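To start, the structure itself, in C-alpha cells.
The values are calculated or read from the model by the stated rules, or taken from the named source; none is laboratory data. Keep in mind that this is a model prediction, so the values were computed, not measured. Glycine gets a Cβ as well: all are built from the backbone with ideal geometry, and neighbour counts include every protein chain shown. When the accessible area is computed, the model is the full protein with side chains, heavy atoms only, and any ligands, DNA or RNA have been set aside. Shrake-Rupley method; radii C 1.70, N 1.55, O 1.52, S 1.80 Å.
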Amino acid sequence: MIHSLFLVNASGDIFLEKHWKSVVSRSVCDYFFEALERATEPENVPPVIPTPHHYLINVLRHRIYFVAVIQSEVPPLFVIEFLHRVVDTFQDYFGVCTEAAIKDNVVVVYELLEEMLDNGFPLATESNILKELIKPPTILRTVVNTITGSTNVGEQLPTGQLSVVPWRRTGVKYTNNEAYFDVVEEIDAIIDKSGSTITAEIQGVVDACVKLTGMPDLTLSFMNPRLLDDVSFHPCVRFKRWEAERILSFIPPDGNFRLLSYHVSSQNLVAIPVYVKHNISFREGSSQGRFELTLGPKQTMGKAVESVLVSSQLPRGVLNANLNASQGTYTFDPVTKLLSWDVGKINPQKLPSLKGSVSLQAGAFKPDENPTINIQFKIQQLAISGLKVNRLDMYGEKYKPFKGIKYMTKAGKFQVRT
C-alpha cells in the first residue's frame, strides 16, 4: 500500500524519508514540487498527484508536507487519515510537530513509523499502544540510551493488543478520575459586499482527555444530535447505538483522543458571529484611496469575540497605507502588499475601526477589483452550531469521576468580499 513517506519543509527540502518496501527515488517528489510551484497558496497543493508509475498523496500540517508514495489503487482518504494520525502521534510524543522536533528525535520517529505501518499497511496507530511499544522520549531516557546504546522500544507486547478493546491498555489506575471533553467548531464562510452569506459551513470535533481507572463504559448524549452531518467516529464508538438512539456509547482510550468529527453544512443553521462594515474605494486618476473597516459581534449569545486578526491583500498599485486603528495595531508590508490588523478582543460598546488613506503609484490605473478581507477569531464557551452536550454517564466502575465540558468556536477560512 504505502511504499514510502517523504517529509518536506516550507523551503522545499526533503529532510526525512522512510521506505517500507523497495526504496523509491527522491526524484518522484519532483512532481510534487511542480504542483507546489503552481499553487497560489501552500495549502492549495492538490492532495492527490498522479505520476507515470506512482500516486503522491500529501497533507500539510505545521508547515510540513507529509508526502506518501503509493503504487497501486488505494482509497485516498484512507492514506490521508493515516498521515494525519502520524502527525497527531508525533505531536503527542514530542509536544510539537516541527522540523526541529522531528530531527531531534529522529530515532524515535523511525521506530514509530516502523510500528505504525507493517509492510506498508497500517498496524498500530493508537497512541496508548504505541506508548507501550515505544516509550516517549525524556531527557533522562535519552541520556541513558546514549550511554548504554539501548532503544526506547518496550520489551513486552502491549496488553491492549491482546484484549477485545485494542485502543485501551489494561490495569489503568488513577488517584484522580476525570473526563474532559472539548467541542471545537471551525466556521468557514464567504460574505459578499452587501453582508449576505454566500457560503457557510462548520467543521466540528469533540476532543477528549479521559483519565479513568479500570475499564469504564461511557455514554454521551447531545441536546440536538440531528444537527450533525457527515459524522466520523473513533473506532471505540458503538455505531449501531448511535444509528438507533443518537447516543455515543464507548469504552474510551486512556488519555487524549478525538471522539468524533462532524460537519454542519445546512446554511440556515450556521450563524455568522461577526460582521464587517467596509468602505474601500479607489478613484480613477487619483493617487489616493479610501480605506475604512469596522468590526462588530453578532449572534454570539453574549460571549466575547477574542484573538481577532484581520488581513487583506491590497492591490499591487498600492505604495503605502496611512491608517488609524481605534484598537490594536496594524502593519502594512509594502513588498507583499499585505495589511494585517491585530484587533484582540472586540468590545461591543466601542467597536474597533481602522480608517485612513492608501497611496497609489503615480499614473497607476484604478484596481480592477477591491481586496478581500480575511478574519481570524475565537469565541470561548460557544459552539456556533448550537450543539450542546446533554449528559455524560459512566457504567462498569463504582467511583464517581469528575466531568468537564468546554466549547470553542474559531474562524477557519472566513472571507469578506468588498
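Simple spin-label model, 7 Å along Cα-to-Cβ: Met408 to Glu292 in nm?
My value for the distance between the label points is 3.6 nm.
So which trypsin sites (Lys or Arg not before Pro) in the stretch 323-418 pass both tests, a DSSP loop state and at most 15 other Cβ atoms within 10 Å of the Cβ?
Lys345, Lys388, Lys398
With a probe of 1.4 Å, find how much accessible area the chain has per residue, and write the answer as a whole number in Å².
Accessible surface, normalised per residue, equals 52 Å².
Compute the angle between helix 76-94 and the longest alpha-carbon principal axis of the chain, please, reported from 0 to 90 degrees and rounded to the nearest 10.
For helix 76-94, the angle is close to 80 degrees.
For the stretch 203-304, build the charge dipole from Cβ charges (+1 Lys, Arg; -1 Asp, Glu) around the Cα centre, then report which of Gly302, His234, Cys209 sits farthest towards its positive end.
The Cα lying farthest towards the positive end belongs to Gly302.
If you average the sequence gap of Cα pairs under 8 Å that are 6 or more apart and divide by the length of the stretch 280-418, what percent do you get for the contact order?
Over the stretch 280-418, the number comes to 31 percent.
Give a residue-ordered list of calculated ³J(HN,Hα) values for the stretch 22-33 (Karplus: 6.51 cos²θ - 1.76 cosθ + 1.60, θ = phi - 60°; whole Hz; x for Gly, Pro).
Coupling constants for the stretch 22-33: 6, 6, 9, 4, 4, 4, 5, 6, 4, 5, 5, 5 Hz.
Quick one: length gained pulling Arg226 to Glu81 fully straight, 0.36 nm per residue minus the C-alpha distance?
Gain on extension, Arg226 to Glu81, equals 49.7 nm.
With axes computed from alpha carbons, what is the tilt in degrees of helix 106-116 against the longest principal axis of the chain, rounded to the nearest 10 within 0 to 90?
Relative to the chain, helix 106-116 is tipped by roughly 70 degrees.
Expected output is a single nm value to one decimal: the length gained when fully extending between Lys21 and Thr197, i.e. 0.36 nm times separation in residues minus the C-alpha distance. What is it?
58.4 nm
Assign unit charges at the C-beta atoms only (+1 for Lys and Arg, -1 for Asp and Glu), then state the dipole size of the stretch 280-400 relative to its Cα centre in Debye, rounded to the nearest 20.
460 debye
Tally Lys/Arg at +1 and Asp/Glu at -1 over every other residue whose Cβ is under 14 Å from the Cβ of Phe365; what's the total?
Around Phe365, the surrounding residues sum to 0.
In debye to the nearest 20, how big a dipole does the chain give about its Cα centre with +1 on each Lys and Arg Cβ and -1 on each Asp and Glu Cβ?
1460 debye
By how many nm would the segment from Ser340 to Asp217 grow when fully extended, if each residue of separation counts as 0.36 nm and the alpha-carbon distance is taken off?
Answer, rounded to one decimal: 39.5 nm.
When all protein chains stay in place, what accessible area (Å², nearest 10, 1.4 Å probe) is found for His53?
150 Å²
Quick one: with all protein chains in place, what share of the accessible area of the chain is carbon or sulfur, to the nearest percent (1.4 Å probe)?
Accessible surface attributable to carbon and sulfur in the chain totals 51 percent.
Which of the three applies to the chain, rounded, prolate or oblate, going by the alpha-carbon gyration tensor with a ≥ b ≥ c and a/c under 1.5 meaning rounded?
oblate
Applying 1/(1 + (r/R0)^6) with R0 = 60 Å to the Cβ-Cβ distance of Leu309 and Lys398, what FRET efficiency is obtained, to the nearest 0.05?
E(calc), rounded to 0.05, equals 0.80.
Expressed as a rounded percentage, what relative contact order does the chain have, with Cα pairs under 8 Å and six or more residues apart?
Across the chain, relative contact order equals 14 percent.
Decide, for the stretch 289-387, between rounded, prolate and oblate: order the square roots of the alpha carbon gyration tensor eigenvalues as a ≥ b ≥ c, take rounded if a/c falls under 1.5, and otherwise choose prolate if a/b is larger than b/c, else oblate.
prolate
Between Leu123 and Lys240, with labels modelled 7 Å along Cα→Cβ, what's the label distance in nm to one decimal, could you check?
3.2 nm
Out of residues 5 or more away from Ile405 or on other chains, whose amide H comes under 5 Å of its own, with H placed 1.01 Å from N in the peptide plane?
Amide H neighbours of Ile405, under 5 Å, 5+ apart: Phe181.
Cross-link list Lys173/Lys413; Lys103/Lys388; Lys277/Lys366: which exceed 31 angstrom alpha carbon to alpha carbon?
Too far apart for the 31 Å limit: Lys173/Lys413; Lys103/Lys388.
Which GluC sites (Glu not before Pro) does the stretch 1-104 hold that lie in a coil by DSSP with at most 15 other beta carbons within 10 Å?
Sparse-neighbourhood loop GluC sites (Glu not before Pro): Glu73.
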